[in-house]
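*Asks:* Take a look at the following structure, please.
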Amino acid sequence: MREGFVAIGGGADVDPSPPRATKSAFWSSGHTPTLIAAFLYFDLAFMVWVLLGPLAPEIAKDIGLSPAQKGLMVATPTLAGALLRLLVGLLADRIGPKRTGFIGQLIVITGLLTAWWLGVHSFAATLALGGVLGFAGASFAVALPLASRWYPPEHQGKAMGIAGMGNSGTVLAALFAPMLAKAFGWNAVLGLVCIPLAVVLVVYVVMAKDAPNQPAPKPLAAYLEPLKTADAWWLMLFYGVTFGGFSGLASSLTIYFTDQFALSTVAAGYCTAACVFAGSLVRPLGGALADRVGGVAALTAVYIVAAVALFGVSTSPASLGVALTLFVIAMLALGTGNGAVFQLVPQRFGKEIGILTGLVGMAGGVGGFYLASSLGLARQITGSFGPGFLIFAILAVAAVTALTLVKGRWRARWDAASQGVRI
């Protein structure tokens with residue numbers, strides 16, 4: 001398969017040949033440079049999407065934020081990303097994911113540079129910055145269809161898992177943002193992160209290619225057709241719990257560790273990075289596991305483990321070691337679940353993968369917004385983060401109950417099941 005530079009403007013240089021035979025080995029069945037570019041793009045986008053979380057203790061101290069305001073500040077990029085994923089997913093289907101991703105990343109870089117230059121001096125300004133960072137969260141609706149359209153059904157879980165492992169960008173934010181803030185001030189961090197963003201954007205432009213099976217543009221109303229099916233809503237619910245838990249915790253754990261255990265922001269960043277790294281590392285493993293045993297079986301185990309771990313955290317353990325262990329277990333489960341959900345999506349909605357990525361990703365963002373904001377509210381109202389964790393544990397129980405109800409119908413009716421693909 002010919003590989004070469006593709007102009008941002010579209011498909012003039014796209015190789016018209018189809019992906020290789022669906023039974024070939026994973027690495028030869030798709031387009032590896034695009035997969036790598038999608039991962040790098042997603043990784044750096046995720047890094048800045050959750051940037052306000054690691055910086056939150058310093059920002060709150062500097063401009064005087066209450067616990068509820070801190071929770072809303074770190075949750076705003078998550079909500080903005082959720083809403084924008086629908087728009088970005090639609091745009092990716094109409095003009096191609098590569099060009100869509102380029103536009104979105106330019107918006108993020110421009111917003112960060114503006115915030116660095118002018119400064120962020122009020123709660124309202126943090127919310128405005130969070131809205132701009134939502135475009136980084138919307139990168140989800142670019143990276144996954146960009147990579148997955150090159151791969152056959154039996155490798156969808158692995159391809160989307162590798163691209164989706166860009167969740168690990170949250171580790172970079174947790175590790176380095178507090179240290180840079182301590183050395184240069186938190187506002188300087190907003191400008192410094194634009195350097196790696198720009199470098200990766202150049203790599204993305206050179207390496208990424210839109211797949212030759214890019215669907216033809218459809219009327220705008222047609223992009224919402226999947227919402228008429230119950231399966232789309234179920235997948236949105238399931239991802240709202242797995243990715244909602246992952247992103248909500250990634251945004252909030254620095255605040256939790258500093259408030260609950262009086263850690264420094266740097267030490268809290270290390271603890272957060274350990275948790276987030278665990279969840280990011282297993283995402284491709286979750287996709288591969290779902291390819292092997294089926295997404296339904298993988299998700300069932302995920303929800304049970306996550307519910308138990310989050311319930312344990314809701315009891316407000318006095319030991320940092322116990323709390324950290326429970327969070328790592330929860331993030332391992334939720335990260336596995338993220339990969340498993342997106343093994344299922346293309347099996348049911350292969351022709352609408354772009355918009356379904358946006359819809360399902362939007363639901364994940366809404367779940368993350370709920371968790372991050374509710375933790376701040378719980379802390380302010382009750383003096384404890386526990387109620388926020390408890391409600392999310394209950395949501396995980398509700399998800400596994402719903403999955404048990406629908407799995408029989410999915411296995412009986414989905415085309416992928418009839419072709420021997422495990423769901």
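*Asks:* Could you count how many residues in the stretch 32-66 are open to solvent by 20 Å² or more (accessible area, probe 1.4 Å), over 15 Å from residue 168 (Cβ atoms) and modelled with pLDDT under 90?
*Replies:* 2
*Asks:* Condition first: within 15 Å of residue 190 (Cβ to Cβ) and assigned to a helix (DSSP H, G or I). Now tell me which residues in the stretch 105-119 satisfy that.
*Replies:* Listed by number, the residues that qualify are 107, 108, 109, 110, 111, 112, 113, 114, 115, 116, 117, 118.
*Asks:* Is it true that some residue in the stretch 292-301 is farther than 30 Å from residue 149 by Cα, free of Cβ contacts under 8 Å to residues at least 40 places away in the same chain and either out of contact with any Phe, Trp or Tyr (no Cβ under 8 Å at 6 or more places or on another chain) or part of a helix (DSSP H, G or I) (or both)?
*Replies:* no
*Asks:* For the stretch 200-229, which residues satisfy the criterion of being in a helix (DSSP H, G or I) and under 23 Å from the mean Cα position of the chain (by Cα)?
*Replies:* Selection gives 200, 201, 202, 203, 204, 205, 207, 223, 224, 226, 227.
*Asks:* What are the pairs, 6+ residues apart or on separate chains, where a residue within the stretch 83-109 that is touching a residue at least 60 places away in the same chain (Cβ under 8 Å) and basic (Lys, Arg) has its Cβ under 7 Å from a residue that is open to solvent by 20 Å² or more (accessible area, probe 1.4 Å) and in a helix (DSSP H, G or I)?
*Replies:* Final answer for the pair search is 85/362.
*Asks:* Out of curiosity, is residue 367 under 30 Å from residue 220 (Cα atoms), within 19 Å of the chain's Cα centre (by Cα), touching a residue at least 12 places away in the same chain (Cβ under 8 Å) and assigned to a helix (DSSP H, G or I)?
*Replies:* yes
*Asks:* Sticking with this structure for a sec: Is it the case that residue 390 is open to solvent by 10 Å² or more (accessible area, probe 1.4 Å), out of contact with any Asp or Glu (no Cβ under 7 Å at 6 or more places or on another chain) and either among the aromatic types (Phe, Trp, Tyr) or over 15 Å from residue 137 (Cα atoms) (or both)?
*Replies:* Against the criterion (open to solvent by 10 Å² or more (accessible area, probe 1.4 Å), out of contact with any Asp or Glu (no Cβ under 7 Å at 6 or more places or on another chain) and either among the aromatic types (Phe, Trp, Tyr) or over 15 Å from residue 137 (Cα atoms) (or both)), residue 390 qualifies.
*Asks:* Considering only the stretch 87-100, state which residues are under 13 Å from residue 357 (Cβ atoms) and either open to solvent by 50 Å² or more (accessible area, probe 1.4 Å) or charged (D, E, K, R) (or both).
*Replies:* 87, 91, 93
*Asks:* Taking the condition of being over 18 Å from residue 248 (Cα atoms) and within 15 Å of the chain's Cα centre (by Cα), how many residues in the stretch 258-291 meet it?
*Replies:* Adding up the residues that qualify gives 3.
*Asks:* Also: Does residue 266 meet the test of being modelled with pLDDT of 90 or more, open to solvent by 10 Å² or more (accessible area, probe 1.4 Å) and β-branched (Val, Ile, Thr)?
*Replies:* Criteria met by residue 266.
*Asks:* Let me ask something else about it. From the list 321, 388, 365, 383, which residue is more than 19 Å from residue 407 (Cβ to Cβ) and modelled with pLDDT under 90?
*Replies:* Selected residue: 365, the only one of 321, 388, 365, 383 that is more than 19 Å from residue 407 (Cβ to Cβ) and modelled with pLDDT under 90.
*Asks:* Looking for whichever is in contact with an Asp or Glu (Cβ under 9 Å, 6 or more places away or on another chain) and open to solvent by 10 Å² or more (accessible area, probe 1.4 Å) here; the options are 343, 380, 347. Which one fits?
*Replies:* That would be 347, the only listed residue that is in contact with an Asp or Glu (Cβ under 9 Å, 6 or more places away or on another chain) and open to solvent by 10 Å² or more (accessible area, probe 1.4 Å).
*Asks:* Within the set of pairs 6 or more residues apart or between chains, which connect a residue that is among the basic types (Lys, Arg) inside the stretch 378-399 to a residue that is in a helix (DSSP H, G or I) with Cβ atoms less than 6 Å apart?
*Replies:* 379/67
*Asks:* Collect the residues in the stretch 89-132 that are aromatic (Phe, Trp, Tyr) and farther than 30 Å from residue 227 by Cβ, keeping them in residue-number order.
*Replies:* Within the stretch 89-132, 116, 117, 123 qualify.
The values are calculated or read from the model by the stated rules, or taken from the named source; none is laboratory data. Computed from a predicted structure; not experimentally measured. All Cβ positions, glycine included, derive from the backbone under ideal geometry; neighbour counts span all protein chains shown. Side chains are part of the model used for accessible areas, which takes the heavy atoms of the whole protein and leaves out ligands, DNA and RNA. Shrake-Rupley method; radii C 1.70, N 1.55, O 1.52, S 1.80 Å.
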